[in-house]
Amino acid sequence: MPYAQAKGAKLYYEVTGKGTPIIFVHEFAGDHRSWEPQVRYFSRRYRCISYGARGYPPSEVPSDPKLYSQDIATDDIAAVLKHLKIAKAHIVGLSMGGFAALHFAMRYPRMTLSSTVAGCGYGAPKGPERKNFQADVNMLAKGIQRDGIEKFAAQYSVGPTRVQYKAKDPKGFTEFAAQLAEHDATGSANTFRGVQGKRPSIFDLEKKLVGIKVPVLLMTGDEDEPCLDANIFMKRKIPTSGLVILPKTGHTINLEEPAGFNAAVQDFITSVEQGRWGKRDPASISDSAVIAKK
């Protein structure tokens, strides 16, 4: 099996196709297999790289909780690219992977051709909502270690932003839930605590978001409630961003609506490669709905 050495862990990866590289970064409830509809589509024209995050076999599962964090998750993208001697790539991430793609755009702009930030926003609200999110994360982490990954997967897979997938595609959902139940309990618990539980709020990143210069595509489902406000905020702050909202769609958008997801990302990447994805026109920002800003 091919592995890239990262800080404190070896990361399993797969490469399919030839051309300009696209690296896919999976969500908490997924793994490298979650990008199958995208790899099959984009590998016809691009070199597609999918990898397992640390804690997700066949990648290594560090037992030390200190080896799990938002910064480390971001650095892991760079570790895979450097191992493959790739100087720049299109970055596509969902949820946990979307956060990593966003931070990668801020910290590794020279390695970023473009950044697709999908399903990004969990835990973003400030105040009591954020404390409740962190409490839920810790409770779930304890539950995984106490009761095992299978019981956790049965509960987590039918959460309020996952039921849309179950209703639309029962067979695909069953496969997703089965793969989630195969995850490593230690890796999942450490990821919950170290990455989701401690990452900064989107609303605390305003200055960094405003400074992003690489092209960014924001994507979310309209029934992915934890992500809606955060995506509107990012759209208003990232000058190079565009926002796609898929209707009647939950959190696992790349699997739930693969055709719509692929089409949006393809159009975005094509626009970037043609030099047609620029900054937002300042004339489109005004205190008035009908009068241009002076």
Between the stretch 11-28 and the stretch 64-137, the Cα center-to-center distance that results, in Å:
15 Å
Give the shape of the stretch 126-183 as rounded, prolate or oblate, defined through the alpha-carbon gyration tensor: a ≥ b ≥ c are the square roots of its eigenvalues, a/c under 1.5 means rounded, and otherwise the shape is prolate if a/b is larger than b/c and oblate if not.
oblate
Let's see if you can work this out: charge +1 on each Lys and Arg Cβ, -1 on each Asp and Glu Cβ, no other charges. What is the dipole magnitude of the stretch 70-192 about its Cα centre, in debye to the nearest 20?
360 debye
Quick P(r) readout (the stretch 1-116; Cα-Cα; 5 Å bins; whole %) gives 2, 13, 25, 28, 21, 8, 2, 1
Please identify, among Q38, Q196, Q155, the residue showing maximal mean-square fluctuation in a Gaussian network model of the chain using a 10 angstrom Cα cutoff.
Q155
Spelling it out for T116: with amide H atoms placed in the peptide plane at 1.01 Å from N, the residues 5 or more places away or on another chain with amide H under 5 Å from its amide H are I91, V92, G93, L217
Share, in percent, of DSSP beta bridges within the stretch 1-106 that are antiparallel, nearest 5:
50 percent
Magnitude of the Cβ-charge dipole of the stretch 82-139, K/R +1 and D/E -1, about the Cα centre, nearest 20 debye?
360 debye
Considering only Cα-Cα distances, which of the following residue pairs are longer than 20 Å: K126/K235; K7/K207; K126/K248; K10/K82; K151/K248?
K7/K207; K126/K248; K151/K248
If you build a Gaussian network model of the chain, linking Cα atoms that sit under 10 Å apart, which residue out of G211, G52, G123 swings the most?
G211
Please turn the phi angles of the stretch 265-272 into ³J(HN,Hα) values with the Karplus equation 6.51 cos²θ - 1.76 cosθ + 1.60 (θ = phi - 60°), one per residue in order, whole Hz, x for glycine and proline.
5, 4, 5, 4, 5, 4, 4, 4
With an 8 Å cut-off on Cα pairs and a minimum separation of 6 or more residues, tell me the relative contact order of the chain in percent.
19 percent
Any chance you could run the full-extension gain for A87 through Q155? It's 0.36 nm times the residue separation minus the Cα-Cα distance, nm to one decimal.
20.4 nm
Restricting to the chain, what percent of DSSP beta bridges are antiparallel, rounded to 5?
25 percent
Cα pair count fraction exceeding 28 Å, expressed as % - the stretch 97-253:
24 percent
In a Gaussian network model of the chain with springs linking alpha carbons closer than 10 Å, the residue among G275, G172, G159 that fluctuates most is G275
For the stretch 107-112, in order, what is each residue's ³J(HN,Hα) by Karplus, 6.51 cos²θ - 1.76 cosθ + 1.60 with θ = phi - 60°, in whole Hz (x at glycine and Pro)?
9, 10, x, 6, 9, 10
Label zone at R45, where the point sits 7 Å out along the Cα-to-Cβ direction: the stretch 242-281 residues whose backbone N lies under 18 Å
258-278
Rg [Å, one decimal], Dmax [Å, integer] - the stretch 53-127, C-alpha atoms:
12.9, 43
Where q = 0.08 Å⁻¹, what log10 of I(q)/I(0) comes from the Debye formula for the chain, counting one point per Cα?
-0.31
Hey, got the dipole for the chain? About the Cα centre, +1 on K and R Cβ, -1 on D and E Cβ, debye to the nearest 20?
1060 debye
Can you run phi through the Karplus equation (6.51, -1.76, 1.60; θ = phi - 60°) for the stretch 113-123 and list ³J(HN,Hα) in whole Hz, with x for Gly and Pro?
6, 7, 9, 9, 10, 10, x, 9, x, 4, x
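A short reminder: the numbers here are calculations on the coordinates, not readings from a lab. Keep in mind that this is a model prediction, so the values were computed, not measured. Neighbour counts are summed over all protein chains in view; Cβ atoms, including those assigned to glycine, are modelled from backbone coordinates with ideal geometry.
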